[in-house]
Structure formats: structure tokens, C-alpha cells
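Reading through the C-alpha cells given below for one structure.
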Amino acid sequence: MSTKVLLVYPEFPDTYWSFQHALRLWNKRSAFPPLGLMTVAALLPPTWEQRLVDLNVRRLTRADIAWADVVFASAMIVQQDSLRQIIRRCKSLGKRVVVGGPFVSTGVRALDADHLFVGEAETTLPQFIRDLEDGCPRRTYQADEKPALTSSPVPIFRLADFRHYLAMPVQYSRGCPFRCEFCDIIEIYGRVPRTKTNEQILAELDALYYGGWRGLVFIVDDNFIGNKRNVKGLLPHLVEWSERRGRPFSFLTEASLNLADDDELLGLMKRAGFRRVFIGIETPVEQTLKEAQKGQNTRRDMLEGVRKIQSYGMEVMAGFIVGFDSDPADIFERQIDFIRASAIPQAMVGLLTALPDTQLSRRLEREGRLLADSSGNNTDGSLNFVPRMDAARLIEGYQHLLRTIYSPAEFYQRALDCLGRVAQEAPEPPGEHWFKVLVSLGRTLFTLGIRDQERGPFWRFLGHTFLRHPHKFPEAVILASLGYHFRKITEELLATRPETARRALVAA
């Protein structure tokens, strides 16, 4: 008799990272499906029946749970509330619940699940399956070593309904060679980047291509260029694969700023179809970068590095942080100045948070400054440690920073500057039929150009785009949609979350 497995992905709260306000304009429900669960599905026996429920796309029904023999769930820290609700519902109906993912792997064990997977599951999941069949499954399965990614199978992408997603995810590598104090990636995946073979990653792209996907593919590596030698070996094959199939995909990934030092690598990424890259800038203050052990950003002019990447046809998205011990009093204005000068429209600014099992959390605990576990959301205005800067000043400055960079005038100017700097030779491949694209365009123009109270700056932005960069009108509309999302989240943060800030001040 076949085992029925329900794979459930918890809901994300509405944050800067959710893109929900923009997704609604594009008739999408989520940015991308859960790659981890689709990979787990490929590790299960082929005779087991599988269903995927992504709570960011649809509700989990009683019938879904009743169908299953066992429920698998995976979550990041920011999804913990939704995860606990899933566990309670499934346990109340007598189902066996298995949980893994970053939330469990970073030290959280207080979950009412039957089985917990700590670390990567390529080696431990087969043992669990054998134990389950023998009737003696353990409570906790912990990966003692970092598995070679050559053992990772092609995810079962068909479990996801492509219609509801903006992008499809694939993973090439795990791990990062750097040692940023606040980062949990190196704690979970290690500092020796492991990669898949060229054949593996091309097989995953084939699965997406023949499954009918077209458009954006997110290579979800936390540092795509962590192993430069292997990446340079992959990219020529990716270029050839893409050209042979008529360039069906464009690519988004994450990388470190030293990408700007390597013209060969930049050229290969451009030829392969990379259109966006997320960079961890964090702060323009060199002393603060040293404090955070992010020395890789001190070895170059960061503004020049950003411009260099943009010149190769890639929009730079970036992360910024305030709240470091060595932040100067004028850090908020310095962050604003850098974001303006860099022409980074999608500037994700967060308060420093001490994630569990990081160098930062361990140091703060030794110093008696750690207050609580992290919510996983560094943009909700909360603090889980006692900062060196006065907490009220830090939160006030953070809110001023957000209010400034996501005001229509500031955002649209950065977007316009970005369009001028990002040198693209060909339009981005469309992900959908032209009629659906027109519908999304009409919805965006109506929402931002008629209903929105900030419609004046929107039309001025489009007018400037027509005059200066008429061939980049689609990219301009996409950026405007994202700016709308960031502004709405900022308004919510500033208007409806004062209690979060008050609690942070009381705790600190």
C-alpha cells in the first residue's frame, strides 16, 4: 500500500520580502514555490503519493490533511507562527508530522512534531524512510556532515502550480566562504561552498523548460559565486543551453560584492541571461563592516562595484543594516546617501537582528545583551538585543530611513537612474502570453496611475522613461510596481506597528 505524503509550506507574513502588493498587480500569489519541499519529494520512494500545499498560494483544508498518512513541513524562522499552526492542526487529526528546514536547523527544538530533521536531509531522509518501514523511526535526525550536492536529486517541480508564481527556484551551491558575524548561512551550510555538477543544474532547467515554465528563474544560492572556479565552469554550458532553446529564462541570484572584480565572470553571467543580482552591502561605514566581519566589502569602492555590475546588464538589489555597535550618529543619512548614489531601487533595509546560532547571538549572549529569540523579520521595527545606540534613536532613525528611501520621489529617481545604468542589449524574455502581460500592465496602470494618491510621481516617472529610455518601458513598470509594494509596507510599518517599536524600546 502506497504512503500518502502531504508537503505543506507555511505562510510568510507580509513584509518587504513578500512582494505581495506587487504580486497582486501581476496576478501572482507568491514569488516562488518551496524548493526544499520539492527536493524532499524527490528523495522519497517513487511509490509514495505526494501533494504540495503552499499556504502562500492556497488554504490548507481538512480534506488535505485527512488524505495524508504523513505530513512534511519546512520553514524559515519568519514562518514559525504559521508552522506551529500547521503542526497543531495536523496533530489534532492524528497525523504523523515531520519538520525540517532552517527554523529547526538553527537550534529550535520546542515543536510538537513527531520527527525533526536538523541540517540537510540528503543523507538522513533515506535513513528515516528505512526506520519508518521498520516501525522504529527516531524523534530527531541530524546530519553529521555536509552532504555532497551530487547526491541531490532533480526537484519535483510539477508539484507546484506554475500559474501562481513569479519565478521558479533552482539551487546550484550551498555554503559561503565569508564569515559575516550576523549571518546564519555559514552556520547551517558551512564555509566551504559545495556545488552541483553542470549536468545536474542543466537537468533541473530542462525539467522546468519541458514542464512549460518560461520567464524568471531564481538561483537561490546565498552566494552564487562562492566557488568561482566551478561557476566559471558552469556558465559556458548555461550560455549554450540558453541559446539552443531560444533564451526561455532570465536569471536572478545572490552574490558577494567581489563579483565586481571579475570581468570574465560578469561577462559570462550577462551572456547567460542574468538580469538581477542581490548583494549584501550592509553599510557604507568601513569600521562597521570590519566589526561585522564583512571584510570583503572593505577591499573595494562599493559604489564603483555596484556601477560595474550594473554596466553588465544586471540590476543590483541590495541589503542594508542599521543597529551595529559601531554605527555613527549620522548612519541613517549616510545610508540614504549611499542608496541614492548607487541607484539601487530595491534597497532592503533592516534593523540588525541576532539570529540563533550565529556568531552575533553568541557574542551578545556573553555580553548579557541578548533579549529574545529573533522573529526572523528584520524589517518589522523590533529589536531582540540591547543596542549600543540609544534604542529610541535607533528605531526613530530606522523609520526615517525607510520613510525617505521609499517615498515616491526618492524611489522613482533611483529607478530612473537604474534604468540609465543597467546596460541591457535585449528585452527580458516574457514569462507569459502577451494577453496576460497586457492585463497585468492595465492593472498596474489603473492602480498606480488612477487609484493611487501618488499617481502624479508615477506618471512623471513613466514620462521620463519614455523620453530617456523608451525601450525599457516594461522594466520601468516592473520597478514602479515594486516601489508601490515597498511604500505600502512602509506605510503599514509606520502607521500600524507602533506597538512593535514600543515593545522594542521597553525590552532594550
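Yes/no per residue for (1) assigned to a helix (DSSP H, G or I); (2) within 27 Å of residue 485 (Cα to Cα):
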{"position": "356", "(1), (2)": "no, no"}
{"position": "365", "(1), (2)": "yes, no"}
{"position": "368", "(1), (2)": "no, no"}
{"position": "374", "(1), (2)": "no, yes"}
{"position": "383", "(1), (2)": "no, yes"}
{"position": "399", "(1), (2)": "yes, yes"}
{"position": "411", "(1), (2)": "yes, yes"}
{"position": "414", "(1), (2)": "yes, yes"}
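Taking into account only those residues within the range 81-107 that are buried (at least 18 other Cβ atoms within 10 Å of the Cβ) and polar (S, T, N, Q), which is modelled with the highest pLDDT?
Looking at the filtered set, the residue picked out is 82.
Is the range 278-293 home to any residue that is of a type in the set (D, E, K, R) and part of a loop (DSSP other than H, G, I, E, B)?
No, the range 278-293 contains no residue that is of a type in the set (D, E, K, R) and part of a loop (DSSP other than H, G, I, E, B).
Can you pull out every residue in the range 117-170 that is aliphatic (A, V, I, L, M), closer than 20 Å to residue 7 by Cα and part of a loop (DSSP other than H, G, I, E, B)?
Across the range 117-170, the qualifying residues are 121, 154, 156, 160.
Going by the structure shown, is residue 202 modelled with pLDDT of 95 or more, surrounded by fewer than 20 Cβ atoms within 10 Å (Cβ to Cβ) and among the hydrophobic types (A, V, I, L, M, F, W, C)?
Values: modelled with pLDDT of 95 or more: yes; surrounded by fewer than 20 Cβ atoms within 10 Å (Cβ to Cβ): yes; among the hydrophobic types (A, V, I, L, M, F, W, C): yes.
Answer is yes for this residue.
When both residues are 6+ apart or on different chains and their Cβ atoms are under 9 Å apart, which pairs have a first residue that lies in the range 110-122 and is more than 18 Å from residue 71 (Cβ to Cβ), and a second that is of a type in the set (D, E, K, R) and surrounded by 19 or more Cβ atoms within 10 Å (Cβ to Cβ)?
Partner pairs satisfying both residue conditions: 120/174.
So the check is Cβ under 8 Å with 6+ separation or different chains; which pairs have a first residue in the range 213-228 that's closer than 18 Å to residue 178 by Cβ and a second one that's at pLDDT below 95 and among the hydroxyl-bearing types (Ser, Thr, Tyr)?
As it stands, the answer is 222/189, since those pairs meet every condition given.
Quick one: residue 63 ticks every box in (1) of a type in the set (A, V, I, L, M, F, W, C); (2) part of a helix (DSSP H, G or I); (3) surrounded by fewer than 21 Cβ atoms within 10 Å (Cβ to Cβ); (4) in contact with a helix residue (DSSP H, G or I) (Cβ under 8 Å, 6 or more places away or on another chain) bar one, so which box is it?
(4) is the only condition that residue 63 fails.
Exactly one of these conditions fails for residue 379: (1) in contact with an Asp or Glu (Cβ under 7 Å, 6 or more places away or on another chain); (2) surrounded by 16 or more Cβ atoms within 10 Å (Cβ to Cβ); (3) among the β-branched types (Val, Ile, Thr). Give me its number.
(1)
Are there any pairs, at least 6 apart or on different chains, whose C-beta atoms fall under 7 Å, with the first in the range 27-51 and assigned to a strand (DSSP E or B) and surrounded by fewer than 22 Cβ atoms within 10 Å (Cβ to Cβ) and the second among the hydroxyl-bearing types (Ser, Thr, Tyr) and modelled with pLDDT under 95, and if so, which?
These pairs meet every condition: 49/2.
Please specify each residue of the range 416-426 satisfying the condition of being among the hydrophobic types (A, V, I, L, M, F, W, C), in contact with a helix residue (DSSP H, G or I) (Cβ under 8 Å, 6 or more places away or on another chain) and part of a loop (DSSP other than H, G, I, E, B).
422, 423
Which residues, taken from the range 1-25, are among the hydrophobic types (A, V, I, L, M, F, W, C) and either under 19 Å from residue 406 (Cβ atoms) or modelled with pLDDT of 95 or more (or both)?
5, 6, 7, 8, 12, 17, 19, 22, 23, 25, listed by residue number.
Taking residue 57 as the residue in question, decide whether it is closer than 21 Å to residue 114 by Cβ and modelled with pLDDT of 95 or more. I'd like the intermediate steps shown before the answer.
Numbers: closer than 21 Å to residue 114 by Cβ: no; modelled with pLDDT of 95 or more: yes.
Judged against the criteria, residue 57 is not a match.
Which residue out of 274, 278 is surrounded by fewer than 23 Cβ atoms within 10 Å (Cβ to Cβ), assigned by TED's automatic domain parsing to the domain that holds residue 369 and under 22 Å from the mean Cα position of the chain (by Cα)? Before the answer, list the steps.
On the way: 274 fails: surrounded by fewer than 23 Cβ atoms within 10 Å (Cβ to Cβ).
Criteria check complete, one pass: 278.
The values are calculated or read from the model by the stated rules, or taken from the named source; none is laboratory data. If you're wondering where the values come from, they're calculated on a predicted model, not measured in any experiment. Heads up, the Cβs are rebuilt from the backbone with ideal geometry, glycines too, and the neighbour counts pull from every protein chain shown.
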